[in-house]
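One structure below.
The values are calculated or read from the model by the stated rules, or taken from the named source; none is laboratory data. From a predicted model like this one, the values you see are computed outputs, not experimental measurements. With ideal geometry, Cβ positions are generated from the backbone for all residues, glycine too; neighbour counts draw on all protein chains shown. Heavy atoms of the whole protein, side chains included, go into the accessibility calculation; ligands, DNA and RNA do not. Shrake-Rupley method; radii C 1.70, N 1.55, O 1.52, S 1.80 Å.
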Amino acid sequence: MVVGSLLFLFMLFAPIPLPGTQKRLLSVLFLTFSLWISEALPLPVTALLAMVLIGLWGILPAEQAFSSFANPIISCLQAFSSFHGRCRCTDWTVG
């Protein structure tokens, strides 16, 4: 988690010739990648943290940043994966 925070700060203040919003997005991207790779936080928490940071830093409006979570296809896939996980955890014996 410390490495992710250091990468975040480094990318935020690095002399990269990008506009402000793009530098902030790049720093959030590096923070998210480092948290995913190190698994310092659970993956769903890291994904939500990235969306929250994108909204808080003004990279995108919050409605646009969280719009993919309201997509009906994504909701259907989440419901299916939840159901599939429950079916795999139960002992189904036939016969």
Boolean, Leu53 is at pLDDT 85 or above and out of contact with any helix residue (DSSP H, G or I) (no Cβ under 6 Å at 6 or more places or on another chain): no
Filtering segment 34-53 down to residues that are over 9 Å from the mean Cα position of the chain (by Cα) and open to solvent by 70 Å² or more (accessible area, probe 1.4 Å) yields Ile37, Glu39, Pro42
Here the qualifying pairs (Cβ atoms under 9 Å; residues six or more apart or on different chains; first in segment 1-30 and in a helix (DSSP H, G or I); second open to solvent by less than 50 Å² (accessible area, probe 1.4 Å) and of a type in the set (Phe, Trp, Tyr)) come out as Ser27/Phe8; Val28/Phe8; Phe30/Phe8
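What do you reckon, is Ile59 surrounded by 10 or more Cβ atoms within 10 Å (Cβ to Cβ) and modelled with pLDDT under 80? Steps first, please.
Details: surrounded by 10 or more Cβ atoms within 10 Å (Cβ to Cβ): yes; modelled with pLDDT under 80: no.
Considered against the rule, which asks whether it is surrounded by 10 or more Cβ atoms within 10 Å (Cβ to Cβ) and modelled with pLDDT under 80, Ile59 comes out as no.
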